[in-house]
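To start, the structure under review is shown below, and the notes come after it.
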Amino acid sequence: MQIYVCVKHVPDSAAYIRIIDNRHIDENITFLLNPYDEHALTEAVRVRDMHPGSEVIAVCLGKEDAEKTIRSAMAMGADRGILILTETGHDSIETALILKTAIEEDGVPGLIFTGKESIDDQGMQTLFRLGALFDFPVVTNVARLEILAEKALADAEFSGGVVKTYEMSLPCVIGAGKGLNTPKYPTVRDVMRSRKSPVKTLLLPDLKIPPAQARMEVVELIPHLQKRQPVEISGTDSDIAQKIVQILKDEAKVI
Amino acid sequence: MIKHIGVIIEQDNGIMKAANLGMITMARQKHTILFALVMDGSAGALKEKLSSFGISTIIEIRLAEDFQDNPDVRAKAVAKAVEKFELSALFGLSTAMGKDLLPRIAAILDGSLVMDCFDVDLENNIAGTSRYSGKTLAKIKVRGPVPVFGIRPNAREPVQEQKSAGIIQFEAVSLDSKLLRVVKRGETGKDSKISLTEAEIIISGGRGMKNGENFNLLFECAQKLNAAVGSSRVAVDSGWVPYAMQVGQTGEKVSPKVYIACGISGSIQHFAGMKTSGMVIAINLDETAAIMSNCDYYAKADALKIIPEITKLLETS
Ligand SMILES: Cc1cc2nc3c(=O)[nH]c(=O)nc-3n(C[C@H](O)[C@H](O)[C@H](O)COP(=O)(O)OP(=O)(O)OC[C@H]3O[C@@H](n4cnc5c(N)ncnc54)[C@H](O)[C@@H]3O)c2cc1C
């Protein structure tokens, strides 16, 4: 079985984001593998190891620097990588089309994994579009996955402690949530090995992606600083508790 | 030209979630007529309330019993309603349920989707949302047919506007889902029953709570306040609380009216999930913790002592 994992090269969550020309960010910061994709990879590797003869392929649409993220994916166990080289950003609609085309060009997906969202664009939709293009079922925020002979069972987490178990036909698309597993840090040996694993580079124009009927475009980026002006609440523990209740009542008006 | 806007009403066990009203208020713009899409067979019961917030027509989408809970079937039904009633945009809540439904609808319509919107300008088709884990706000221009907007709960204060809504029954016939089926629905047990993304008040605990047991102090207080309980990643990674309670970059993004942080230092990743809260109150032993300099109120105190005191006060009042 060929298991594809779509990975994204995103700014480090701790990086300071500087906006240039009101629409783009200064990309002179550390980029790395999207955190949710680590869970996707970990699960893909687990499934591969239970199905002899399977391989895990990390697919990434990104700029040249994104090869680092593919290398990280291979250090976490992916057998090989595909980098679809681009110079610009793409919305989720285009991204899904490109990923689909690249996957189809490469092989026959038995399973496709993604993270449930990317921490930069926070779009939460590429996986659903990918599923629709392939006509595969999709479940997001998956916390437990079981691959059976002809179907998959996936537990999806909802707020308020609700868990829904979905049954899907195969192939399917899985959006990994954090509850799915605990990714392991790659060892030095893993990293060394990943340097030698093959990465295929595709050029976007060669994929001949048709134009989409809809488009989402960032027209403005604004820093979200929202500096608050802290006021101290002091006194004994019971004074503090009383003041907090007072604030909830009189100022916030929530009780 | 008058636009028909569809608003997907989200219910929980037959009860309409309060956050719907803010969403309807946001959808009510110049040159719009609002259609509420109701899928849980309670249009009659909601008629009065929806009318008083400016809904002109309620479309009651009837689904076969077996498919009530199936997001694929629900998405197909909504897409059919879009066609039938010539809706030009859709609003839905960016809740856990919405995250499982709205992208499916957008994928079927092959149209735009912006999740977690705090603002939508229908005249220019521009939605305001956050990017880069909440470090920036982004204005997104959507083009193409029937954009879908996922609205952040509590983003807008509900404002009434009296209309008299009629109900139209819409039988979305021959819908099926061969690919996806819901086989079970359950609860994970220890968790706050109130959804984090919709709660008006959230009490969150971090490493300062010291163990899982102490989270009961937060649950007890939350019950009195009708609040939800959240946590930092440390509390999740330590196994004290389930992941569903994590607030932050890799957890829930919340905007309650009040966020009370107990024993949480205020890392950049935690802020990513709660910075859009109305009021932030921090209780921390360390005056120099990051959260103490970026909140509305702070108390340099032991959260394990303050929280039970608050619970006690609420019991007696
Ligand atoms: C990729 C990535 C994603 C991440 N995602 C998230 C995320 O989604 N959410 C998240 O929260 N973190 C996330 N983190 C982790 C984040 O960097 C911090 O490690 C974490 O938020 C710290 O949690 P904390 O505030 O509970 O713990 P600490 O930083 O250890 O702070 C504990 C605080 O409690 C105070 N304290 C101790 N005892 C008491 C007491 N009795 N009463 C009052 N105060 C007390 C201390 O003074 C201290 O300020 C992420 C990190 C990475 C790298």
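No lab work stands behind these numbers, since they all come straight from the coordinates. Quick caveat: nothing in here was measured; it's all calculated off a predicted structure. Using ideal geometry, Cβ is built from the backbone for each residue, glycine included, and neighbour counts are taken over all protein chains shown.
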Task: Sum of side-chain charges, B:E287 neighbourhood, beta-carbon under 10 Å (Lys, Arg +1; Asp, Glu -1) - done: -1
Task: For region A:1-41, Kirkwood radius (reciprocal of mean inverse C-alpha pair distance, Å) - done: 11.9 Å
Open item on the list: Apply the Karplus curve 6.51 cos²θ - 1.76 cosθ + 1.60, θ = phi - 60°, to the phi angles in region A:204-217 and return the couplings in whole Hz, x for Gly and Pro.
Closed with: 3, x, 5, 7, 6, 6, x, x, 8, 7, 10, 8, 10, 9
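What size of dipole, in debye to the nearest 20, comes out for chain B about its Cα centre when the only charges are +1 on Lys and Arg C-beta atoms and -1 on Asp and Glu C-beta atoms?
Details: 37 positive and 35 negative charges, 116 e Å.
The calculation lands at about 560 debye.
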Open item on the list: Let me confirm one metric for peptide B:199-212, namely the mean number of other chain beta-carbon atoms within 10 Å of its residues' beta-carbons.
Closed with: 1
Open item on the list: Report the Cα centroid-to-centroid distance between region B:2-20 and region A:207-255 in angstrom, as an integer.
Closed with: 24 Å
TODO: In whole angstrom, note down how far apart the Cα centers of region B:130-167 and region A:99-113 are.
DONE: 34 Å
Task: Kirkwood Rh in Å, taken over all unlike Cα pairs in region A:2-206 - done: 17.1 Å
Task: Equivalent ellipsoid semi-axes, chain B, via Cα gyration tensor eigenvalues times 5, rooted, Å - done: 37, 21, 19
Open item on the list: Under the rule of at least 5 residues apart or a separate chain, name every residue whose amide H is placed under 5 Å from the amide H of A:E220.
Closed with: B:K139
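Need one number: convex hull volume per residue for region B:3-179, Cα atoms only, in Å³.
Values: hull volume 19.8 nm³, N = 177.
Given the Cα convex hull of region B:3-179, per-residue volume reads 112 Å³.
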- [ ] Assign one of three labels to region A:75-136, namely rounded, prolate or oblate, based on the Cα gyration tensor with a ≥ b ≥ c the square roots of its eigenvalues; rounded applies when a/c is under 1.5, prolate when it is not and a/b is larger than b/c, and oblate otherwise.
- [x] rounded
Open item on the list: Based on alpha-carbon centroids, what's the gap between region B:272-317 and region B:211-255 in Å, whole number please?
Closed with: 14 Å
- [ ] Please list, in chain and number order, the residues 5+ apart from B:E161 or on another chain whose amide H is under 5 Å from its amide H, with Hs placed from the backbone.
- [x] B:F53, B:G54
- [ ] Kindly write out, for region B:170-182 in residue order, the coupling ³J(HN,Hα) from the Karplus curve 6.51 cos²θ - 1.76 cosθ + 1.60 (θ = phi - 60°), rounded to whole Hz, with x marking Gly and Pro.
- [x] 10, 8, 8, 6, 6, 8, 8, 9, 7, 8, 10, 9, 8
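In terms of the Cα gyration tensor, with a ≥ b ≥ c the square roots of its eigenvalues, is region B:162-246 rounded because a/c is under 1.5, prolate because a/b exceeds b/c, or oblate? Walk me through the numbers on the way to the answer.
Working: a/c = 3.69, a/b = 1.77, b/c = 2.09.
Cα axes put region B:162-246 in the oblate bin.
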Task: Alpha carbon convex hull of the protein assembly as shown, projected area averaged over orientations, nm² - done: 25.8 nm²
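Between A:T30 and A:I222, 0.36 nm times their residue separation minus their Cα-Cα distance comes to what? Intermediate results must be reported in sequence, preceding the final value.
Values: separation 192, 0.36 × 192 = 69.12 nm, distance 2.05 nm.
Full extension of this stretch gives 67.1 nm more.
Does region B:201-316 come out rounded, prolate or oblate by the C-alpha gyration tensor, with a ≥ b ≥ c the root eigenvalues, rounded set by a/c under 1.5 and, if not, prolate when a/b is larger than b/c and oblate if not? Numbers along the way, then the final one.
Details: a/c = 1.30, a/b = 1.16, b/c = 1.12.
Note, shape of region B:201-316 comes out rounded.
Provide the convex hull volume over Cα atoms per residue for region A:1-82, in Å³. Walk me through the numbers before you get to the answer.
On the way: hull volume 6.9 nm³, N = 82.
Convex hull volume per residue, Cα atoms: 84 Å³.
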- [ ] Calculate the mean, over all residues of peptide A:92-102, of how many other protein chain Cβ atoms lie within 10 angstrom of the residue's Cβ.
- [x] 1
TODO: Provide the per-residue ³J(HN,Hα) series for region A:169-183, in order, calculated from phi with Karplus coefficients 6.51, -1.76, 1.60 and θ = phi - 60°, each as a whole number of Hz, with x at glycine and proline positions.
DONE: 6, 9, x, 9, 10, 10, x, 6, x, 5, x, 5, 5, 10, x
Open item on the list: With a cap of 14 neighbouring Cβ atoms within 10 Å, and only residues DSSP puts in a loop, list the trypsin sites (Lys or Arg not before Pro) found in region A:138-196.
Closed with: A:K184
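Let me check I've understood the local charge: for A:P11, count other residues with C-beta under 11 angstrom from its C-beta, Lys and Arg +1, Asp and Glu -1. What total comes out? The partial results should precede the final answer.
Working: positive: A:K8, A:R18, B:R131, B:K135; negative: A:D12, A:D26, A:E27, A:D120, A:D121.
With Lys, Arg at +1 and Asp, Glu at -1, the net is -1.
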- [ ] Using a cut-off of 13 Å between beta-carbons, work out the net charge of the residues near A:L203 (Lys and Arg +1, Asp and Glu -1, A:L203 not included).
- [x] -1
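A 21 angstrom limit on the alpha carbon distance is what I want to check against. Which of B:K17/B:K99; A:K116/A:K227; B:K17/B:K184; A:K8/A:K100; B:K80/B:K141; B:K135/B:K253 exceed it?
Numbers: B:K17/B:K99 16 Å; A:K116/A:K227 30 Å; B:K17/B:K184 23 Å; A:K8/A:K100 15 Å; B:K80/B:K141 25 Å; B:K135/B:K253 12 Å.
The answer is A:K116/A:K227; B:K17/B:K184; B:K80/B:K141.
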Open item on the list: What does the structure give for A:124-136 when I average, per residue, the other chain Cβ atoms found within 10 Å of the residue Cβ?
Closed with: 5
